[in-house]
Amino acid sequence: MRVAIFENDGKKSQKVSKELYQKLVDAHIPIDNDDPEIVITVGGDGTLLAAFRNYQDNLQNIRFVGVHTGHLGFYTDWRDDEIDDLVISLQSDNKQSINYPLLDVKVEYYDAEPEKFLALNESTLKRINNTMVTDVYIGDQLFEKFRGDGLCISTPTGSTAYNKSVGGAVIHPGLESLQMAEIASINNRVFRTLSSPVIVASNDWITLKPTQSGDFIFSVDQEIYHNKQIKMIKYRVAKERICFAKYRHNDFWKRVNEAFIGSDYED
């Protein structure tokens, strides 16, 4: 079993990463950052997102494990003081895993070649200076003409991130779906949107066709893109999935409770 360590630049994460590296060496577990079977991230959810991007071309062969050096995240199961237990789990690994849906994002431009992205959390489209006007299709049918600041399309695991902050629903990652949440929509007697999150099944898709050109901000997870003339963006549940080594993968609703409520939760 080949293991890679992927850490952020924080002092604590760097320290934990060095300790973990030595413990893996002492346990005779091969370390291979180029072609790993397991990627251990040391940091937080942002670090795991960065590792996901780094290894997304080989997701079918990789399982992720998250070690958090700050607050408990949705993708990090282990604390920094538990790396001895993590190494023991790696030594007794039997390929156990849990996998979650990803977001397939295809973008067509007026002034460039098409691009494809994978998102673990979400993708957004916003306009910088003026109201964004965008035709929204679900499947092949025109659903609405959106006017507002922007739209957020998220995965079930990403539903607790930016999606939740703009009023989207929290969705269990066992559901094969994607969600569209509005960002400051305009609703009056002249202009009208559904003004509610929309959850779409895996056999359908969402297409955005902006009616203007220029000054868009398009994002995929932590990456931001601009200065391209966007013609159309198509979102659907990806064929690819992300896998986590299921040594002690915490219950999703327990994570939600700890992150947002903080009361006692019984499994």
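No lab work stands behind these numbers, since they all come straight from the coordinates. None of these values were measured; they are calculated from a predicted model. Reconstructed Cβ throughout: ideal geometry from the backbone, glycine too, with neighbour counts over all protein chains shown.
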Exercise. Within segment 123-151, which residues have the backbone N less than 15 Å from the label spot 7 Å out from Lys209 along Cα→beta-carbon, could you tell me?
Key: 133-146
Exercise. Mark the label point 7 Å from the Cα of Asn99 along Cα→Cβ and return the residues of segment 54-86 whose backbone N is within less than 11 Å of it.
Key: 59-63
Quiz prompt | Cross-link pairs beyond the 27 Å C-alpha cut-off, checked among Lys126/Lys246; Lys106/Lys164; Lys23/Lys95; Lys18/Lys95 | solution = Lys126/Lys246
Quiz item: segment 1-100: which trypsin sites (Lys or Arg not before Pro) are DSSP loop and have at most 13 other beta-carbon atoms within 10 angstrom?
Solution: Lys95
Quiz prompt | Label-to-label distance, nm, for residues given as Tyr225 and Lys106 (7 Å Cα→Cβ offset) | solution = 1.4 nm
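GluC sites (Glu not before Pro), restricted to segment 190-267: which are DSSP loop and have at most 10 other Cβ atoms within 10 Å? Intermediate results must be reported in sequence, preceding the final value.
Details: sites: Glu223, Glu240, Glu258, Glu266; in loops: Glu266.
Hits after loop and neighbour filter: Glu266.
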Practice problem: Mind pulling the angle between the C-alpha long axis of helix 45-54 and the longest principal axis of the chain? Nearest 10 degrees, somewhere in 0 to 90. | Solution: 90 degrees
Self-check item: Helix-only [θ]222 nm of the chain, DSSP H runs n ≥ 4, -39500 (n - 2.57) each, per residue, nearest 500
Solution: -4500 deg cm²/dmol
Exercise. Mind sorting out which of [x] -0.32, -0.71, -1.18; [y] -0.22, -0.67, -1.22; [z] -0.28, -0.76, -1.18 is the real log10 I(q)/I(0) by the Debye sum over Cα atoms at q = 0.07, 0.12, 0.16 Å⁻¹ computed from the coordinates?
Key: [z]
Exercise. For the chain, with a Gaussian network of springs between Cα atoms less than 10 Å apart, report the residue from Asn33, Asn130, Asn250 with the top mean-square fluctuation.
Key: Asn130
Quiz item: Can you list the residues, at least 5 places off or on another chain, whose amide H is less than 5 Å from the amide H of Thr41, using H built in the peptide plane?
Solution: Phe6, Val65, Gly66, Val67
